[in-house]
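Colleague: The structure follows.
The values are calculated or read from the model by the stated rules, or taken from the named source; none is laboratory data. Everything quoted here is computed from the prediction, not taken from an experiment. Cβ atoms come from the backbone with ideal geometry, glycine included; neighbour counts cover every protein chain shown.
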Ligand SMILES: [Zn+2]
């Protein structure tokens, strides 16, 4: 979401609290990485909120003793539930005790609503539900007795993580996991904006990888809307966000699944056809594009030198290079924390808009990663006039994403192939002149 709209919403919307990352992620000293939930404001004004929480697009129902939906069951849930969660006297939901069941219900609603707000802004239009022919609103069920979670046609229902011994871990409710909820909403956005392959002959290998990658990119771009998360990321890296072998630099954050996905170093030759694995080079290429645009912004604002940018974008030759790069970033970051933060948010908003334009233009049929790359290059022309196309091309080339070796696109066409010249020209190129039949 643009920083301007975010500031506007903060004045008119409804306030909630969300943990940017799960409470079970710990610092090296054993204390939680994000001990307090961060206050966020969603776009719906207090006057339009309903108890639940609920609004015109979605609602939470805290189902009691519910079994997961299966083949024969679907929304709406008609069983027992406690009274819906109500706002404070001014219509906000930020007052709830983080250890209460009400908080879990409210934070699930707020997470999905906030991520939808963010992406509707990047798309510059309302994102309609892909299940709208059957249901007008998304049903969200926060805490069912299940060591799993699922998003389905018209619903999201979430249980808990698992303990090492395989039992339900009530300390890890999925409904409070921002990354998981945002990822699932990302799938909904792709269903709505890209659609699904229509031919049974279409194996959809890259389509499957694109779906998983989009879920993760939906989440990471949304995660970069938390002030606490952005500050933590910059503090631990000093703005040195190059992803190749970057996990060691993000320190305690490297236990975050979303960070591990973003900072991956996989190329196409490292992965197979399983969608989650296959998603990694695509996610990496797009996250790298964001990082390169961020660094370009730092150079443009005189915050780092072009030389440091160039050194940190190439594969470093030695540990000494890496140390020097980090030392240079640390020196540049000190005293310029706010400017670094602004540059990162600008890069975030660029990549958010770029992805929305890209996803809005993709056909789901026989989709390849090369199609995604071409759509990104075209989208950049729309968003920046083509300024970042070289960055996109470089990031995708490093990940080995390009036309398939067998693609007809790579086949040259000689004049003979085109019938513009006979196979054995007896004289010069004048034979290519078209003659009236
Ligand atoms: Zn997924």
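Colleague: Go through (1) in a helix (DSSP H, G or I); (2) touching a strand residue (DSSP E or B) at 6+ places or on another chain (Cβ under 6 Å) one by one and return the number of the condition residue 47 breaks.
Modeller: All conditions are met except number (2).
Colleague: Okay, next question. Looking at (1) in contact with a strand residue (DSSP E or B) (Cβ under 9 Å, 6 or more places away or on another chain); (2) surrounded by fewer than 22 Cβ atoms within 10 Å (Cβ to Cβ); (3) more than 16 Å from residue 76 (Cβ to Cβ); (4) touching a residue at least 60 places away in the same chain (Cβ under 8 Å), can you tell me which one residue 137 breaks?
Modeller: It fails just one condition, (3).
Colleague: Given the criterion in the same structural domain as residue 343 (by TED's automatic domain parsing) and either in contact with a strand residue (DSSP E or B) (Cβ under 6 Å, 6 or more places away or on another chain) or in a helix (DSSP H, G or I) (or both), identify the matching residue among 242, 280.
Modeller: On the way: 242 fails: either in contact with a strand residue (DSSP E or B) (Cβ under 6 Å, 6 or more places away or on another chain) or in a helix (DSSP H, G or I) (or both).
Matching residue, one of 242, 280: 280.
Colleague: What is the one condition in (1) within 23 Å of residue 131 (Cα to Cα); (2) within 27 Å of the chain's Cα centre (by Cα) that residue 77 does not satisfy?
Modeller: That leaves (2) as the condition not met.
Colleague: Now, a different point. Between 235, 184, 212, which is within 11 Å of the ligand (Cβ to nearest atom) and more than 18 Å from residue 113 (Cα to Cα)?
Modeller: The conditions single out 212.
Colleague: Also: Which one is farthest from the ligand (Cβ to nearest atom) among residues in the range 168-180 that are in contact with a strand residue (DSSP E or B) (Cβ under 7 Å, 6 or more places away or on another chain) and assigned to a helix (DSSP H, G or I)?
Modeller: Applying the filter and picking the extreme gives 175.
Colleague: Going through the range 250-268 one residue at a time, which ones are assigned to a helix (DSSP H, G or I) and crowded, with 20+ Cβ neighbours inside 10 Å? Before the answer, list the steps.
Modeller: Residues of the range 250-268 assigned to a helix (DSSP H, G or I): 250-255, 257-262, 268.
Within the range 250-268, 250, 253, 258, 259, 261, 262 meet the criteria.
Colleague: For residue 262, work out the one condition from (1) more than 16 Å from the ligand (Cβ to nearest atom); (2) at pLDDT below 95 it doesn't fulfil.
Modeller: (1)
Colleague: Which condition number in (1) farther than 17 Å from residue 142 by Cβ; (2) surrounded by 16 or more Cβ atoms within 10 Å (Cβ to Cβ) is the one that residue 75 fails?
Modeller: So residue 75 meets the others, but not (1).
For every residue, the table says whether it meets (1) in the same structural domain as residue 3 (by TED's automatic domain parsing); (2) surrounded by fewer than 19 Cβ atoms within 10 Å (Cβ to Cβ); (3) touching a residue at least 60 places away in the same chain (Cβ under 8 Å).
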site	(1), (2), (3)
276	no, yes, yes
284	no, no, yes
289	no, no, yes
300	no, yes, no
306	no, yes, no
319	no, yes, no
330	no, yes, yes
352	no, no, yes
359	no, no, yes
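Colleague: Out of 147, 97, I need the residue that is in contact with a strand residue (DSSP E or B) (Cβ under 6 Å, 6 or more places away or on another chain) and more than 16 Å from the ligand (Cβ to nearest atom). Which one?
Modeller: Of 147, 97, the one residue that is in contact with a strand residue (DSSP E or B) (Cβ under 6 Å, 6 or more places away or on another chain) and more than 16 Å from the ligand (Cβ to nearest atom) is 147.
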